[in-house]
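The values are calculated or read from the model by the stated rules, or taken from the named source; none is laboratory data. These numbers were taken from a predicted model, which means no experiment stands behind them. So basically every Cβ, Gly included, is an ideal-geometry build from the backbone, and we count neighbours across all protein chains shown. Side chains are part of the model used for accessible areas, which takes the heavy atoms of the whole protein and leaves out ligands, DNA and RNA. Shrake-Rupley method; radii C 1.70, N 1.55, O 1.52, S 1.80 Å.
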Amino acid sequence: MSHESRSALVEDAAVRAFMAARIDEQQADLASYERVKRFTLLPDRFTQAGGEITPTLKNIRATIARKYAGPIGAMYTGGAAR
């Protein structure tokens, strides 16, 4: 399987199915209200240059929430596919 870009990779149905299966495996012992229902694969990694992580690789939640407000909102309104 070859993809022209990361964007194409994260949109591939087989990749999404693979990730969904891995997520389901990891949360098999959780109650239904604790499980991930929807997720979004992003085409770019979080970086210091992008302002999403600190030098010690900690997420900067405010920046991530602002930068990815659209995809995050879509997960809560049912717009993101599982």
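Table: residues versus (1) on the phi > 0 side of the Ramachandran plot; (2) within 13 Å of the chain's Cα centre (by Cα); (3) touching a residue at least 12 places away in the same chain (Cβ under 8 Å).
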residue	(1), (2), (3)
ASP24	no, no, no
THR40	no, yes, yes
PRO43	no, yes, yes
THR56	no, no, no
ALA69	no, yes, no
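Mind telling me which of the residues PHE46, PHE39 ends up being assigned to a loop (DSSP other than H, G, I, E, B), open to solvent by 50 Å² or more (accessible area, probe 1.4 Å) and either in contact with a Cys (Cβ under 6 Å, 6 or more places away or on another chain) or of a type in the set (A, V, I, L, M, F, W, C) (or both)?
Just a single option satisfies the conditions, and that option is PHE46.
Quick one: count up the residues across segment 10-29 that are open to solvent by 70 Å² or more (accessible area, probe 1.4 Å) and either basic (Lys, Arg) or more than 16 Å from ALA74 (Cα to Cα) (or both).
7
Quick test of your reading of the structure: ILE64 fulfils all but one of (1) of a type outside the set (S, T, N, Q); (2) in a loop (DSSP other than H, G, I, E, B); (3) modelled with pLDDT of 95 or more; (4) open to solvent by less than 40 Å² (accessible area, probe 1.4 Å). Name the failing condition by number.
Unmet for ILE64, out of (1) of a type outside the set (S, T, N, Q); (2) in a loop (DSSP other than H, G, I, E, B); (3) modelled with pLDDT of 95 or more; (4) open to solvent by less than 40 Å² (accessible area, probe 1.4 Å): (2).
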